[in-house]
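Peer 1: Below you will find the structure I want to go over with you.
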Amino acid sequence: MKKRWTGLALAVIVSGAILALPTPHELSPLAHRVLAIAAFTVILWVFQVMNTGISAILMMALMILAHVKASLALSGYSSPQFWILLVVLFYGFAMQKTGLAQRLSFYILSLFPGTFTGILWAFFLIGLVLALGIPSMTVRTAIMVPIAWALVQSVGLAPQSRATALVMLTAVEMAVLPGCAILYGSLFGPVVESVFHAKALPLSWAGYAEVMIVPTLMLCALLLFANRAVLKPEAELGVAPSFAAERLKALGAIQKSEWITLAVVLFSTAYWATARLHHLPSFLVGMFGLAFFGLTDIVTDKDIPGAVSWTLLLFLGGNFGLANVVEELKITDWLAGYVVPVARQLTFSVALFLVAVAVAMLLLRFLDPTGFLAIPVLFLSIADVAIAGGIPPLVLTAPLVLAGAPFWAIYENFWMAMGEGITSGQAFTVRQRVQLANIYAACVLVTLVISVGYWKMVRIL
């Protein structure tokens, strides 16, 4: 309770201080007020003063009170990105409810040897496969962490040992990061789509995948090797082949609902991958897919309230709208006045430019617990500079997305907090978490430098 009131007081003080300052000549009075409202809202999110979805609604109400057009303030909820987010979250629910996600997870686990190396690579593949149908990193974490924890307990690894921490921390990373390879494989995807829409830049599922698949897979591979080197297990592991087989057996024969869900997910993935051919909206197939789930009772009336996180939808809808407001009121032009001179000096080296953007993202994440605000702030501010320097907009998204999940502080990474909560704090220590957080940041920077060579090789750069 004390933290809540402290956060509210700080939000009022900071936003009041911004309003008390003279309006910068590059900003209109309305843009100045919006800047204060945005600062107020970010502090509410950082201190968790109230439900983040409610904070987003309050932000929009304050913007309308400040004379932002209601249609603009609420525009995030009518955007294509909001609707693709809504429908694909229901896809994730369907995979979880029918048991298809768990079946795929245990099947993949059964294909790998029961060593630490085998298990870590299995979790990578599980995360990648689940990302095709479950864009929510939260849902993937909720599926993968219990499986990893059950495995740890079944072989008798000590709580908070290096071995346990290695498995659990890596499982969370692999629940989050592989999905960054595809546009709708993570919740960062719709945010990226929203900023491209705000800048009137073209974006396709295939184009995003061409830029992001190799760097994402490279980052995951680096983490698998580096994590194991830093948190070297006390002894080698030997998991019985029966571990995954027994759980697969317990699930029984694959059900009709699982086949239906799999068919819808595969068809939708093919639809997104061929957008350049049919030119139809990305969310359209999801609307029909959701209708099909309703027709086959995979999603029923009683499922609607809890099937997806309405807090997340309200929060991201508000963020999508904020990105539109910030662009419309030229706030990004004002921010660019501070960021662009530095960024312009670095465009002589693509690698150095991208590393600087990644570092900026890692730092901003201390202020933005989600990354969903940091991405628009950075992208909208420097996209024009990047393009002028010969850096395609999709390449600019790589440091923003890949550096979007640090976990030096637990509030920075909701999925690490979930892992800690699911295991009652027995999975890893703060020191172990910070060790791998350092490794994550270093691997992101190394990945970006190497990826420049890949992008040049395939003529993206």
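Peer 1: Within the group L217, L203, L183, which residue is open to solvent by 40 Å² or more (accessible area, probe 1.4 Å), part of a loop (DSSP other than H, G, I, E, B) and farther than 20 Å from V152 by Cα? Please lay out each step first, then the result.
Peer 2: Values: L217 fails: part of a loop (DSSP other than H, G, I, E, B); L183 fails: open to solvent by 40 Å² or more (accessible area, probe 1.4 Å).
None of the others qualify; the one that does is L203.
Peer 1: Can I ask one more? Among the listed residues L222, L237, L203, which satisfies the condition of being at pLDDT 95 or above and on the phi < 0 side of the Ramachandran plot? Steps first, please.
Peer 2: Working: L237 fails: at pLDDT 95 or above; L203 fails: at pLDDT 95 or above.
The conditions single out L222.
Peer 1: Pairs, please: C-beta under 9 Å, at least 6 apart or cross-chain, first residue within 14 Å of N438 (Cα to Cα) and in segment 216-229, second modelled with pLDDT of 95 or more and not in a helix (DSSP H, G or I)?
Peer 2: L219/L177; L223/L177
Peer 1: Could I ask something else about it? Does segment 340-359 include one or more residues that are among the basic types (K, R) and either in a loop (DSSP other than H, G, I, E, B) or closer than 29 Å to I64 by Cβ (or both)? It would help to see each step written out before you state the result.
Peer 2: Initially, segment 340-359 is screened for residues among the basic types (K, R), giving 344.
Next, from what is left, pick out any that are either in a loop (DSSP other than H, G, I, E, B) or closer than 29 Å to I64 by Cβ (or both): none.
No, every residue in segment 340-359 fails to be among the basic types (K, R) and either in a loop (DSSP other than H, G, I, E, B) or closer than 29 Å to I64 by Cβ (or both).
Peer 1: May I pose another question? Scan segment 436-457 and give yes if some residue there is part of a loop (DSSP other than H, G, I, E, B), open to solvent by 20 Å² or more (accessible area, probe 1.4 Å) and without any contact (Cβ under 8 Å) to a residue 60 or more places away in the chain, otherwise no. I'd like the intermediate steps shown before the answer.
Peer 2: In the first step, residues of segment 436-457 are kept if they are part of a loop (DSSP other than H, G, I, E, B); the result is none.
Checked against the condition, which is being part of a loop (DSSP other than H, G, I, E, B), open to solvent by 20 Å² or more (accessible area, probe 1.4 Å) and without any contact (Cβ under 8 Å) to a residue 60 or more places away in the chain, segment 436-457 yields no hits at all.
Peer 1: Moving to a separate point now. Restricting attention to segment 386-435, report how many residues are assigned to a helix (DSSP H, G or I), among the β-branched types (V, I, T) and surrounded by 20 or more Cβ atoms within 10 Å (Cβ to Cβ). Give the derivation first.
Peer 2: Initial filter on segment 386-435 (assigned to a helix (DSSP H, G or I)): 386-388, 393-402, 410-412, 414-422, 430-435.
Retained after the next criterion (residues that are among the β-branched types (V, I, T)): 387, 395, 397, 401, 410, 422, 430, 434.
From the residues that got through so far, the ones that are surrounded by 20 or more Cβ atoms within 10 Å (Cβ to Cβ) too are 395, 397, 401.
Summing the residues that are assigned to a helix (DSSP H, G or I), among the β-branched types (V, I, T) and surrounded by 20 or more Cβ atoms within 10 Å (Cβ to Cβ) in segment 386-435 gives 3.
Peer 1: So W45 fits all but one of (1) assigned to a helix (DSSP H, G or I); (2) in contact with a helix residue (DSSP H, G or I) (Cβ under 8 Å, 6 or more places away or on another chain); (3) surrounded by fewer than 20 Cβ atoms within 10 Å (Cβ to Cβ); what number is the exception?
Peer 2: Every listed condition holds for W45 apart from (3).
Peer 1: Which pairs turn up if I take residues in segment 249-261 that are within 16 Å of Q96 (Cβ to Cβ) and look for partners that are surrounded by 10 or more Cβ atoms within 10 Å (Cβ to Cβ) and among the β-branched types (V, I, T) with beta carbon separation below 6 Å, at least 6 apart in sequence or on another chain?
Peer 2: Cβ pairs passing all conditions: S257/T98; S257/I298; E258/T98; I260/T296; T261/T98.
Peer 1: Checking the conditions here, which among A388, A360, A383, A409 is of a type in the set (G, A, S) and closer than 23 Å to G53 by Cβ?
Peer 2: Of the residues listed, the single one that is of a type in the set (G, A, S) and closer than 23 Å to G53 by Cβ is A409.
The values are calculated or read from the model by the stated rules, or taken from the named source; none is laboratory data. Quick caveat, the model's predicted, so the values are computed rather than measured. Every residue, glycine as well, gets a Cβ built from its backbone with ideal geometry; the counts of neighbours run over all protein chains shown. Note: areas computed on protein heavy atoms with side chains; ligands, DNA, RNA excluded. Shrake-Rupley method; radii C 1.70, N 1.55, O 1.52, S 1.80 Å.
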